[in-house]
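Down below is the structure, laid out as structure tokens.
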Amino acid sequence: MSSAPYNRVALIGLGLIASSMFWAIKRAGIATEVTGYARSSETRDTARKIGLCDHVFDTAAEAVADADLVVLCVPVGAMGAVAAEIAPHLAKGATVSDVGSVKRAVIDAVAPHIPEGVHFIPAHPLAGTEQSGPTSGFAELFDNRWCLIVPDAGADADAIARLAQLWRDMGAHVDEMEPDHHDLVLSVTSHTPHLIAYTMVGVADDLSRVSESEVIKYSATGFRDFTRIAASDPTMWRDVFLSNKDATLEILGRFTEELFALQRAIRKGDGDHLHDYFTRTRAIRRGIIEAGQDTDEPNFGRQTTSQDT
Ligand code: NAP
């Protein structure tokens, strides 16, 4: 066992991210006890059945008692109410963190409930899948992914360092970012792309009703990749858009302008515009591969016997 940054970690909400954290902590071999709580008895029963957490409690109050780190792993819109529920039961000197995909709204909702003598250090692991629930997690989810720590001004340096150490133990790279900047960057890299995928799949769904499911039957990789993203949890993503409204609307505005420019180029037969644009965007993909954030294998390394594009 290597040294652990915390003696007891409490995970509140037991879905994809919390269950991946638990398996990653256990894989790291650090001597940290992990307690858990989820609001539904069904999720708690499943967690107990699959050995998710060392102890699953029936109340959030019991789960956080004596924890030196409490991580809120619930949808962004539920963070404030959960923080209010656990606040009276937090140990002095403990750290409260979260994994929410939006940071300013979570800070505004949670910070007022954090008692004197307890640290609040928000964070966001940039890792996920379209799966959700207690059985969807796996230890490797955070490997080689970024976890952004988003402390408010004046946050305790030692509390930040301990949280960063835990994320490194779970396989992630760690960086710090300012909350509003985080929300703008994530709006570009994650939130707006999800909205576009939801829209494209919605359009295809409308069309498939008139084309007798040919859209599904002959779906090629471009559309299939959109459907994977658009299968993401509806509650989580509803909350992301409602709580990162300004940045999403800003990026959607820019997206619409670019889309109109491409639409005009197609109508006018302006091949140079299209070619220049696609050459620029291709370089972005190369940058992501060089940064080690995706594979350069064809078709994302999927096993296929034929080329379908
Ligand atoms: P998930 O698999 O859907 O699990 C959500 C958990 O939160 C469940 O245990 C659920 O309880 C609980 N919950 C839902 N609504 C609640 C409410 N109103 N009050 C109290 N508990 C509630 O979600 P996840 O993917 O782990 O996401 C958790 C957090 O991580 C979110 O804030 C999300 O923004 C963030 N995040 C997600 C991803 C991703 O790709 N999925 C990536 C990075 C960060 P029950 O099971 O009892 O219903």
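Looking only at residues that are touching a residue at least 12 places away in the same chain (Cβ under 8 Å) and part of a loop (DSSP other than H, G, I, E, B) in region 106-120, which one is nearest to the ligand (Cβ to nearest atom)?
Ile114
Test Glu257 against the stated conditions and say whether it is of a type in the set (Asp, Glu), more than 16 Å from the ligand (Cβ to nearest atom) and under 19 Å from Val99 (Cα atoms).
No: the conditions fail for Glu257.
When you go through (1) of a type in the set (Val, Ile, Thr); (2) open to solvent by less than 10 Å² (accessible area, probe 1.4 Å); (3) out of contact with any Ser or Thr (no Cβ under 8 Å at 6 or more places or on another chain); (4) near the ligand (Cβ under 10 Å from one of its atoms) one by one for Thr35, which number turns out not to apply?
Checking Thr35 against (1) of a type in the set (Val, Ile, Thr); (2) open to solvent by less than 10 Å² (accessible area, probe 1.4 Å); (3) out of contact with any Ser or Thr (no Cβ under 8 Å at 6 or more places or on another chain); (4) near the ligand (Cβ under 10 Å from one of its atoms), the one that fails is (4).
Among the candidates Ala78, Ala105, Ala94, single out the residue that is of a type in the set (A, V, I, L, M, F, W, C) and surrounded by fewer than 21 Cβ atoms within 10 Å (Cβ to Cβ).
Ala78
Determine whether Thr59 is modelled with pLDDT under 95, surrounded by fewer than 22 Cβ atoms within 10 Å (Cβ to Cβ) and over 24 Å from Ala161 (Cα atoms).
Values: modelled with pLDDT under 95: no; surrounded by fewer than 22 Cβ atoms within 10 Å (Cβ to Cβ): yes; over 24 Å from Ala161 (Cα atoms): yes.
So Thr59 does not fit the description; no.
Restricting to helices (runs of 4 or more DSSP H) lying wholly in region 122-216: which have 2 or more residues that are in contact with a Phe, Trp or Tyr (Cβ under 6 Å, 6 or more places away or on another chain)?
Per the criteria, 192-210.
Applying the selection to region 1-32, what residues are assigned to a strand (DSSP E or B) and either under 22 Å from Ser232 (Cα atoms) or open to solvent by less than 40 Å² (accessible area, probe 1.4 Å) (or both)?
Val9, Ala10, Leu11, Ile12, Ile30
Restricted to region 121-139, and to residues that are open to solvent by less than 30 Å² (accessible area, probe 1.4 Å) and more than 14 Å from the chain's Cα centre (by Cα), which residue is nearest to the ligand (Cβ to nearest atom)?
Among those residues, the one meeting the criterion is Pro134.
In region 33-51, how many residues are part of a loop (DSSP other than H, G, I, E, B) and under 22 Å from Ala94 (Cβ atoms)?
Residues flagged as part of a loop (DSSP other than H, G, I, E, B) and under 22 Å from Ala94 (Cβ atoms) within region 33-51 amount to 2.
Among the candidates Asp225, Asp272, Asp246, single out the residue that is assigned to a helix (DSSP H, G or I) and under 14 Å from His191 (Cβ atoms).
Asp246
If you go through region 185-218, how many residues are surrounded by 13 or more Cβ atoms within 10 Å (Cβ to Cβ), without any contact (Cβ under 8 Å) to a residue 24 or more places away in the chain and under 27 Å from the mean Cα position of the chain (by Cα)?
Residues meeting the conditions: 3.
The values are calculated or read from the model by the stated rules, or taken from the named source; none is laboratory data. Note that the coordinates shown come from a computational prediction; the quantities given were computed from them, not determined experimentally. Here Cβ is always computed from backbone atoms with ideal geometry, including for glycine, and neighbour counts include all displayed protein chains. In case anyone asks, the SASA skips ligands and DNA or RNA and just uses the protein heavy atoms, side chains included. Shrake-Rupley method; radii C 1.70, N 1.55, O 1.52, S 1.80 Å.
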